[in-house]
1. Which of the residues that make up region A:1-26 are within 15 Å of residue A:119 (Cα to Cα) and surrounded by 19 or more Cβ atoms within 10 Å (Cβ to Cβ)?
2. For region A:78-87, which positions are buried (at least 18 other Cβ atoms within 10 Å of the Cβ) and in a strand (DSSP E or B)?
3. Assuming residue A:291 fulfils every condition listed in (1) away from chain B (no Cβ under 13 Å); (2) crowded, with 16+ Cβ neighbours inside 10 Å; (3) more than 22 Å from the chain's Cα centre (by Cα) apart from one, which condition is it?
4. I'm trying to understand the selection: among the residues of region A:26-42, which are within 14 Å of chain B (Cβ to nearest Cβ) and over 18 Å from residue B:32 (Cα atoms)?
5. Which count do you get for residues in region A:352-365 that are buried (at least 21 other Cβ atoms within 10 Å of the Cβ) and within 12 Å of chain B (Cβ to nearest Cβ)?
6. For residue B:71, only one of the following conditions fails: (1) at pLDDT 95 or above; (2) within 14 Å of chain A (Cβ to nearest Cβ); (3) in a loop (DSSP other than H, G, I, E, B). What is its number?
7. Would you pick out the residues in region A:333-351 that are among the polar types (S, T, N, Q) and within 14 Å of chain B (Cβ to nearest Cβ)?
8. Which condition number in (1) in a loop (DSSP other than H, G, I, E, B); (2) open to solvent by 40 Å² or more (accessible area, probe 1.4 Å) is the one that residue B:76 fails?
Amino acid sequence: MSEQSELTRTPLNRWHREHGARMVPFAGYEMPVQYRGVLAEHATVRERVGLFDITHMGEIFVTGSAAETWLDGLVTNRVTGLAEGKIVYTALCNETGGILDDMLIYRLGAARWLVVCNAANRVPVVAWLQSRRPVAGVSIEDRSLEMSLVAVQGPYSRAVVGRLAALADRQDDFNELRFYSALNCTVDGEQWIVSRTGYTGEHGYELYVPNAALLPLWEELITHGGDRQIEPIGLAARDTLRFEVCYSLYGHELSEQTTPLEAGIGWAVKLKKQQFVGREALIAQKAAGVPRRLIGLAIEGRTIARQGAVVLSGGEVIGAVTSGTFSPTLKRSLALALVSSTSGVDDLEVEVRGRRFGCHVVTIPFLSARVKGDPEAERTLS
Amino acid sequence: MVPDDRKYSQEHEWILQEDDIATIGVTDHAAGELGDVVFVELPEVGAEFNQGDSVGTIESVKAVADLYLPVSGEIVAVNEAVADSPELVNQSPLEDGWLMKVKLSDPSEFENLLGAAAYEGLLGG
């Protein structure tokens, strides 16, 4: 069996091909990496509105009377007390504090939760959850293969999504939807979830729908966004968009060899909770001093320092780049790097293909997210 | 479409000869495969290289590619417009996005390059 034939195709596979997408294997799916070009697509999301097929993401439903305390005892952020319709970002760690995945947890009802995880980690995460499931009070249902996910992101996303027929009788709820909140909608007898979330740093929405609803929804969004020049956006621009606002990416900033305290997502770790997996290790790491930290680098010139490029201070290796690219908005070569916390950051260089380039520390995020407030307000570049 | 006014290398460069000067760039296919180019590093004018030497890099958002010199000789010009506006490589790879001009030291090397039909065959295969 060839590798190609094993790839899962989303319901939009044919649409992507017919609209000029370059398709690539990604986490077991065949996904669009770009359509018109990464720089143009990036600008579309920052300035107008873009549409992403991110059906590859994992959707795991956790239900039951014990689900709340059980989930809270596993993940780093606080789940108990989350109001219905609210969402929390969290890490899931192993016993030594290494990151198994980062995820969103939605409270859909009193005893109904949705865990949204990375596609590449879905199978191990589901197995990990199943292996820790108590004998009663919690059921786990991986519905990733029957659900599709569309992200609509950019300053005009509210105007476009608000025109959906499915939201016609929910206009007040939709307009009042806060960042990291979700609406449950019943559409043709099926459950949809509309949340104000995203991975671009722009005002945006993510819509979870049954597979059969994806193509008509996608086409409806394109119709509604016509006057705003809405465009489909590939995974390449999804990466440059998240990079500029320094949202972590699993396999880059986050991995089993890195703790959330090192990776800059310590705000999603509640050490005061009674229990979560990795708690003791993270408490010990914090007490002993977190050994590495995430920094932002601006590279002199336009050479890109990509993942793995070594970072040196005064000629000594202090760490390595986790993500690096040419920032389409700021128009310069930038990188995120995990470096030793005890090292100085003077006289910095990165090594790219055997050559060293000067660089210096810049504040992260490189670009401020504008996920709150008026979505159509002008951005001031930092 | 591959124009037949010039020659091509296995590394997806085009070479247009006028007397003893060859103008060099990357093909439409190469520009498409690279995606949006954000940086082109070109050699110094006056430097001399042999056929096949790595003389620079083309950096796109997606990846970095070495730029190989398809013919031996001295660099007599580089396209400063591309240094300032790397997107020219995507917008006009065969014309405004040319990269460098080389004074040929061994014109017989042209025999090793591909004609348009052969290059089209390379893309087809």
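1. A:10
2. A:87
3. Evaluating residue A:291 over (1) away from chain B (no Cβ under 13 Å); (2) crowded, with 16+ Cβ neighbours inside 10 Å; (3) more than 22 Å from the chain's Cα centre (by Cα) leaves (2) as the failure.
4. Correct list: A:26 only.
5. 1
6. With respect to (1) at pLDDT 95 or above; (2) within 14 Å of chain A (Cβ to nearest Cβ); (3) in a loop (DSSP other than H, G, I, E, B), residue B:71 is out only on (2).
7. The one that is among the polar types (S, T, N, Q) and within 14 Å of chain B (Cβ to nearest Cβ): A:333.
8. The failed condition is (1).
The values are calculated or read from the model by the stated rules, or taken from the named source; none is laboratory data. Keep in mind the model is a prediction, meaning the values are calculated, not measured. Reconstructed Cβ throughout: ideal geometry from the backbone, glycine too, with neighbour counts over all protein chains shown. These accessible areas exclude ligands, DNA and RNA; they are computed on the full protein's heavy atoms, side chains included. Shrake-Rupley method; radii C 1.70, N 1.55, O 1.52, S 1.80 Å.
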